[in-house]
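The values are calculated or read from the model by the stated rules, or taken from the named source; none is laboratory data. Nothing here was measured: the structure is a model prediction, and the numbers come from that model. Backbone-built Cβ (ideal geometry, glycine too); neighbour counts: all protein chains shown. Areas reflect the complete protein model, heavy atoms only, side chains present, ligands, DNA and RNA absent. Shrake-Rupley method; radii C 1.70, N 1.55, O 1.52, S 1.80 Å.
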Amino acid sequence: MMSTENLLFELNPAQKVAVTHTGGALLVVAGAGSGKTRVLTRRIAYLMSARKVAPYQILAITFTNKAAGEMKARVGELVGPIAQSMWVSTFHSACVRILRQEAMRLGYSNSFSIYDSADSLRLVTVVAKELNLDSKRYPARQFQAMISNAKNELMGPQDYINASSNHFEQVVGDVYSLYQQRLTRANAMDFDDLILKSVELLQRFPEAKARYRSRFSHVLVDEYQDTNHAQYVLVKELVGTIGEVLPPAELCVVGDADQSIYGFRGATIRNILQFELDYPNATTVLLEQNYRSTQNILSAANAVITKNEGRKEKNLWTDSGSGALLTGYVAENEHDEARFIAEEIGALARAGKTEPGETAIFYRTNAQSRVFEEVFMRSALPYKVVGGVRFYERREVRDLLAYLRVLANLEDEISLRRIINVPKRGIGDTSLDCVDLFAREQGISFWAALLRASEVAGLANRAAVAIAEFTSMMSALYVLVEAKTRPSLIVEAALEQSGLLKELADSSDPQDEVRVENLKELVAVSMEYEERDFEELLEDEEISLAGFLEKVSLVADADQIPDGENHGGVVTMMTLHTAKGLEFPTVFLTGMEDGIFPHSRTLGEKEELEEERRLAYVGLTRARKHLYISRAQYRSTWGAPNYNPPSRFLDEIPEEVIQWRNESSTSVSPSLLKRSRTTPPPRATGKKITTINLNVGERVSHDTFGLGTVIAIAGDGDKAEATIEFGEYGQKRLLLRYAPVEKL
């Protein structure tokens, strides 16, 4: 274990205060790039070495699995293998560990399923259908979002119904109520439940609360500005208050209100702004020295964020020099913007200043990546879009995982519905509706009803036989789970017995070869899960199918970001929200126009505009050496030019820190306006206007979706359309007059 003296070595004065603080709650306001991870890891190590705190008494919470893994590894470097017995995890992972131990108190078995967003949406859709709600008037996705918001506010179905003030909210309340009943019947929790049920457990069961309160004498929370109300209450319950039997745990939260950008997820900035009110004896430490960016970049970021009201005043500074000026570029349109960036990346590489793999392009919305992708493909510049179709979201991977989830929890109705006819077995929606009605009438689970398919009224004999074959196969596979067979063997058996692998292997579609590779990859993931060193296992963890599925279901979006500084030699493209927590030597901040960034829907709302400004601050402070800011004079919207004024954030950047590459940095020149009006932007609708003739079964190539097979044709002339299966992109219905497809 590193000596106390060495732990404090090279910390600046403010960092040292944060690491050694003893007593009441501690708020570390950590500006971008100010070494917050170093402070957190050194504080944990200091607790163990100088204050003799046992590692199992420490609970450290982060927002992504990746951040948790890095923190544990860094603490391990400081204190050695003893760090393994610490709880370092995301909010959701910590709650799963608590609930696996305590779920019986809440009426769940400890093998409960965890429903992700897609599973949750499917269940909401089933519930809305059961309530005979018009899906056009009442979109399932809207119900899902409102239920999630309610759970983030710790409102159960009855709380929501009691608080409803109009007919629509009453309908949401009915959907929420039935949705929650269905979840419980399926022995399942959605992601929001993991927090909500943990809070319920700690508040309703004093002995359960005492178990965790007596265990954790130190609670540390990273990115505290991103917590929602439910997470805030969870932390409060785990820490406890003065006057309880046990003394409160020492709480240390680290965050930066200026980087609070997840309001749309329910994060509330008040949690950090009012920390001193929540914890009256709190100490606040300000980290303002930046170790990432040049002073010019920091001056730009400071100037922008200062325009927000009601924030804790701080001013980032660095002793590493002013660095290069920011570069501004006003493009004619979005294609010109992308072309400039592609050329500039090449020029920087030739000048030896920065490599493509050290470069990131940020934009406000995912849709903006399309033009960059087109230009980069033409320029033969390798790139990666973070936030594409991720491995665990691919259809075939989700299908196999659904099989495994049913095997881990036979009551998991949504997963059952997904797989019962995959591959096709002749069990359609009408048959499932009959089974569902029977289950409700009998007061039994969906699985129990499937086992009694022969008793279901109105069920065709062919469907009943197919259901019997399916339940027979699943029951045989379930024996492997009961026998505690290795997860990788169960995965292989499910692949083989279900027919999933055979269907893809027998296919002549080259895209299905990719799908087979993805399924093999999942087998490899299960093997990696099994082959972890004994030291990596948590104290209450055993190798099991449920454990494997838990690891998979808790993989966060940000964990998909490429590792390593060079990012594989490719330019990384991502939204500003995804960029949080990352850094790159060179950053291109694009689309700096009012209506694009800040987003059009935020322009009239003070709080939302302030969140957009914080998003700009996050984007600016990702850059280490070179920062480019660009905007377009006009962008194509539905094939017509749309003119947006410069982003108001551009006016807030001091003139002395930015150098505009082209002269018309503030307004559209008359000649450009004249030219752009007579020469409209490139059509967004495709290469040619002649309608291509296609037949079912033909193979085609699409500019964006790649290779596909025509599976249906409808309409004629200008209205002709084709439904095409594009592998991992799924089925697309294309109007042939506009679709960029070619016959092979």
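Key figures for this structure:
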read-out: Verdict on Asn12 being more than 19 Å from Gln225 (Cβ to Cβ) and under 33 Å from the mean Cα position of the chain (by Cα); value: no
read-out: Residues of the stretch 599-623 satisfying the condition of being in contact with an Asp or Glu (Cβ under 6 Å, 6 or more places away or on another chain) and outside any loop (DSSP other than H, G, I, E, B); value: Thr602, Arg614, Tyr617
read-out: In the stretch 291-331, residue farthest from Gly619 (Cα to Cα) [restricted to those that are in contact with a strand residue (DSSP E or B) (Cβ under 9 Å, 6 or more places away or on another chain) and of a type in the set (Lys, Arg)]; value: Lys312
read-out: Every residue from the stretch 346-391 that is among the β-branched types (Val, Ile, Thr) and more than 21 Å from Thr578 (Cα to Cα); value: Thr354, Val375
read-out: Close pairs (8 angstrom Cβ cut-off, 6 or more residues apart or separate chains): open to solvent by less than 10 Å² (accessible area, probe 1.4 Å) in the stretch 229-245, of a type in the set (D, E, K, R) anywhere; value: Ala230/Lys151; Ala230/Glu153; Ala230/Asp192; Leu238/Arg213; Gly240/Arg213
read-out: Helices (runs of 4 or more DSSP H) wholly inside the stretch 420-497 containing at least 1 residues that are among the acidic types (Asp, Glu) and in contact with an Asp or Glu (Cβ under 9 Å, 6 or more places away or on another chain); value: 429-442
read-out: Residues satisfying the stated conditions in the stretch 408-450, i.e. surrounded by fewer than 17 Cβ atoms within 10 Å (Cβ to Cβ) and of a type in the set (A, V, I, L, M); value: Leu437, Ile444, Ala448
read-out: Selection within the stretch 167-186 - crowded, with 21+ Cβ neighbours inside 10 Å and touching a residue at least 60 places away in the same chain (Cβ under 8 Å); value: Leu183, Ala186
read-out: Residue that is farthest from Arg614 (Cα to Cα), among those in the stretch 289-330 that are among the small types (Gly, Ala, Ser) and buried (at least 19 other Cβ atoms within 10 Å of the Cβ); value: Gly323
read-out: Residue that is farther than 20 Å from Leu650 by Cα and without any contact (Cβ under 8 Å) to a residue 12 or more places away in the chain, where the choices are Glu288, Glu344, Glu313; value: Glu313
read-out: Selection from the stretch 382-419 of residues that are of a type outside the set (Val, Ile, Thr), in contact (Cβ under 8 Å) with a residue 60 or more places away in the chain and not in a helix (DSSP H, G or I); value: Pro382, Tyr383, Lys384, Gly387, Arg390, Arg394, Asn409, Leu410, Glu411, Asp412
read-out: Single residue of the stretch 348-372 satisfying the filter (over 19 Å from Ala632 (Cβ atoms) and basic (Lys, Arg)) that is most open to solvent (accessible area, probe 1.4 Å); value: Arg350
read-out: Verdict on Arg631 being farther than 17 Å from Ser293 by Cβ, charged (D, E, K, R) and touching a strand residue (DSSP E or B) at 6+ places or on another chain (Cβ under 7 Å); value: yes
read-out: All strands (runs of 3 or more DSSP E) inside the stretch 1-91 with 3 or more residues being within 26 Å of Leu554 (Cβ to Cβ); value: 58-62, 87-90
read-out: Pair list, Cβ under 7 Å, 6 or more apart: the stretch 325-336 residue farther than 11 Å from Ser630 by Cα, other residue open to solvent by less than 30 Å² (accessible area, probe 1.4 Å); value: Leu325/Asn296; Leu325/Val657; Leu325/Ile658; His335/Val371; His335/Val375
read-out: Options Asp134, Asp119: the member that is at pLDDT below 95, acidic (Asp, Glu) and out of contact with any strand residue (DSSP E or B) (no Cβ under 8 Å at 6 or more places or on another chain); value: Asp134
read-out: Inter-residue pairs, beta-carbon under 9 Å, first in contact (Cβ under 8 Å) with a residue 40 or more places away in the chain and in the stretch 69-80, second assigned to a helix (DSSP H, G or I) and exposed (fewer than 15 other Cβ atoms within 10 Å of the Cβ), 6+ apart; value: Leu78/Asn6
read-out: Condition met for Gly240 (out of contact with any Cys (no Cβ under 6 Å at 6 or more places or on another chain), at pLDDT below 95 and within 29 Å of Ser85 (Cβ to Cβ)); value: yes
read-out: Candidates Ala524, Ala457 - the one that is within 24 Å of Arg182 (Cα to Cα) and free of Cβ contacts under 8 Å to residues at least 40 places away in the same chain; value: Ala457
read-out: Lone qualifier among Glu531, Glu513 - being under 27 Å from Glu725 (Cβ atoms) and at pLDDT below 85; value: Glu513
read-out: Close pairs from the stretch 40-56: first under 17 Å from Ala30 (Cα atoms), partner among the small types (Gly, Ala, Ser) and at pLDDT 95 or above, Cβ under 6 Å, at least 6 apart; value: none
read-out: The lone exception for His567 - which of (1) within 25 Å of Ala351 (Cα to Cα); (2) modelled with pLDDT of 95 or more; (3) surrounded by 19 or more Cβ atoms within 10 Å (Cβ to Cβ); (4) not small (Gly, Ala, Ser) it fails; value: (2)
read-out: Scan of the stretch 474-533 for residues that are farther than 18 Å from Lys551 by Cβ and open to solvent by less than 30 Å² (accessible area, probe 1.4 Å), ordered by number; value: Met474, Leu477, Ala493, Leu495, Ser498, Gly499, Leu500, Leu504, Asp509, Asp512, Arg515, Val516
read-out: Gly266 vs. criteria touching a helix residue (DSSP H, G or I) at 6+ places or on another chain (Cβ under 8 Å), more than 18 Å from Arg614 (Cα to Cα) and either open to solvent by less than 30 Å² (accessible area, probe 1.4 Å) or not polar (S, T, N, Q) (or both); value: no
read-out: Restricting the stretch 67-81 to residues that are out of contact with any strand residue (DSSP E or B) (no Cβ under 6 Å at 6 or more places or on another chain), farther than 15 Å from Tyr56 by Cβ and hydrophobic (A, V, I, L, M, F, W, C), the residue that is modelled with the lowest pLDDT; value: Ala67
read-out: Every residue from the stretch 276-305 that is among the β-branched types (Val, Ile, Thr) and touching a Gly at 6+ places or on another chain (Cβ under 6 Å); value: Thr294
